[in-house]
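For reference, the structure discussed in these notes is given below.
The values are calculated or read from the model by the stated rules, or taken from the named source; none is laboratory data. Here the structure is a predicted model, which is why all the values come from computation and not from measurement. Glycine gets a Cβ as well: all are built from the backbone with ideal geometry, and neighbour counts include every protein chain shown.
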Amino acid sequence: MKTFFNVEDLGDLAQALQEAREVEKNRYGFQHLGRNKTLLMIFFNNSLRTRLSTQKAAMNLGMNVIVLDVNAGAWKLETERGVIMNGDKSEHLLEAIPVMGCYCDLIGIRSFAGLTDREFDYAETIVNQFVEHSGRPVFAMETATVHPLQAFADLITIDAYKPCRHPKVVLTWAPHCRALPQAVPNSFAQWMNAADVELVVTHPQGYELDPKFVGNATVEYDRRKAFVGAHFIYAKNWSCPGVTRPADYGKILTEDAAWTVDSASMALTENARFMHCLPVRHGLVVTDEVIESPRSLVIPEAANREISAEVVIKRMLETL
Ligand code: CP
């Protein structure tokens, strides 16, 4: 595997889930693959789970790990082509990327959407330059439009806790005080479409996700209707994806508290499990009562980030 951005990169999902179960039982059993190999983790944005779980997964596989926080200690990087670099950015990405590639065998990258230029973000302008110029396999640790390590961990979690063969999974928009990217809901929808689940996406008007991620999911604007019969409620805020109105891309269209996931809305479900990728704002996205309830899966979901990362890095090491 040379790149990992989309669900198709992993191939057969049932096989990948089986591999995840094997890795979970024997997470130190593949150290021969990573010996004397180096993972470079590049962060343009903050992280807790991705940073820790990916580093842990690489160490489980016997790798050395270098972590670069681009905005804390590295030269400020210019990412645009054709500019005169007479500002505060000392180095261009076009030199920095191949240099970074010299010091490692694999690259993981986190680079969020800027949320001002939809075309720039949805073309994955930053991470595609790493794919093109680093000379190394590259995997996403959340890019402008996708977060596949999270979606794979979510799928592992749903597979472990599903009460029936074909569960109903609801992806629900929830309110937030800041404009957040669409990477998590995009990937979640993409992966659930590929999995053996019934996917329903619910959000206020204007928050329509890009159709290439929504796929065959049912879109239901009435959240109460969407929640009925659900086995999993996956909450996430996202800013306007600019699908129906491009001028609104990246904006907060509403902070309607009626969309906060609370006990009354969870009561509509089939005793659903609550999921969120974290970090989550209590009282905005979800009430304390719901996230602290025994039906909440947020901690096992985060724990599975180590497993999803280990499967992905293992597969990349196998093809070096
Ligand atoms: N879910 C997730 O990616 O968490 P971090 O942003 O803390 O890495």
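For F112, the conditions (1) within 16 Å of the ligand (Cβ to nearest atom); (2) touching a strand residue (DSSP E or B) at 6+ places or on another chain (Cβ under 6 Å); (3) at negative phi are fulfilled apart from (2). Before we move on, is F188 touching a residue at least 24 places away in the same chain (Cβ under 8 Å) and closer than 23 Å to V228 by Cβ? Against the criterion (touching a residue at least 24 places away in the same chain (Cβ under 8 Å) and closer than 23 Å to V228 by Cβ), F188 qualifies. The sole residue among V138, V146 that is surrounded by 18 or more Cβ atoms within 10 Å (Cβ to Cβ), aliphatic (A, V, I, L, M) and within 16 Å of the ligand (Cβ to nearest atom) is V146. Annotation: D248 fulfils all but one of (1) in contact with a Leu (Cβ under 8 Å, 6 or more places away or on another chain); (2) farther than 30 Å from D12 by Cα; the unmet one is (1).
Taking first residues from region 1-22 that are free of Cβ contacts under 8 Å to residues at least 12 places away in the same chain and partners that are polar (S, T, N, Q), no Cβ contact under 7 Å between residues at least 6 apart in sequence or on separate chains turns up. Where in region 201-320 are there helices (runs of 4 or more DSSP H), lying fully within it, with 2 or more residues that are under 17 Å from the mean Cα position of the chain (by Cα)? So the answer is 211-214, 298-318. Of the residues examined, T319 is not one that is in contact (Cβ under 8 Å) with a residue 24 or more places away in the chain, more than 13 Å from the ligand (Cβ to nearest atom), farther than 28 Å from I109 by Cα and polar (S, T, N, Q). Region 77-176 holds helices (runs of 4 or more DSSP H) entirely within its bounds, and those carrying 3 or more residues that are in contact with a Leu (Cβ under 8 Å, 6 or more places away or on another chain) map to 93-102, 125-133, 148-161.
For region 51-99, a residue qualifies if it is modelled with pLDDT of 95 or more and touching a His at 6+ places or on another chain (Cβ under 6 Å), and the qualifying residues are I97, P98.
Restricting attention to region 274-320, the residues being under 27 Å from N60 (Cβ atoms) and of a type outside the set (S, T, Y) number 28. Screening K236, K251 for residues that are in contact (Cβ under 8 Å) with a residue 60 or more places away in the chain, surrounded by fewer than 17 Cβ atoms within 10 Å (Cβ to Cβ) and not small (G, A, S) leaves exactly one candidate, K251. Taking the criterion of being within 15 Å of the ligand (Cβ to nearest atom), crowded, with 24+ Cβ neighbours inside 10 Å and under 12 Å from M275 (Cβ atoms), would at least one residue in region 186-195 satisfy it? Within region 186-195 (the criterion being within 15 Å of the ligand (Cβ to nearest atom), crowded, with 24+ Cβ neighbours inside 10 Å and under 12 Å from M275 (Cβ atoms)), the answer is yes, since at least one residue qualifies.
To keep it simple, each residue is scored yes or no on (1) crowded, with 17+ Cβ neighbours inside 10 Å; (2) over 26 Å from I313 (Cα atoms); (3) hydrophobic (A, V, I, L, M, F, W, C); (4) assigned by the TED database to the domain that holds F30.
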{"residue": "R51", "(1), (2), (3), (4)": "yes, no, no, yes"}
{"residue": "N64", "(1), (2), (3), (4)": "no, no, no, yes"}
{"residue": "V70", "(1), (2), (3), (4)": "yes, no, yes, yes"}
{"residue": "W75", "(1), (2), (3), (4)": "no, yes, yes, yes"}
{"residue": "G82", "(1), (2), (3), (4)": "no, yes, no, yes"}
{"residue": "E91", "(1), (2), (3), (4)": "no, yes, no, yes"}
{"residue": "M100", "(1), (2), (3), (4)": "yes, no, yes, yes"}
{"residue": "D105", "(1), (2), (3), (4)": "yes, no, no, yes"}
{"residue": "G108", "(1), (2), (3), (4)": "yes, no, no, yes"}
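For D154, the conditions (1) of a type outside the set (A, V, I, L, M); (2) within 16 Å of the ligand (Cβ to nearest atom); (3) buried (at least 22 other Cβ atoms within 10 Å of the Cβ); (4) not assigned by the TED database to the domain that holds P241 all hold with the exception of (4).
Scanning region 34-51 for residues that are hydroxyl-bearing (S, T, Y) and either assigned to a loop (DSSP other than H, G, I, E, B) or more than 12 Å from the ligand (Cβ to nearest atom) (or both) yields T38, S47.
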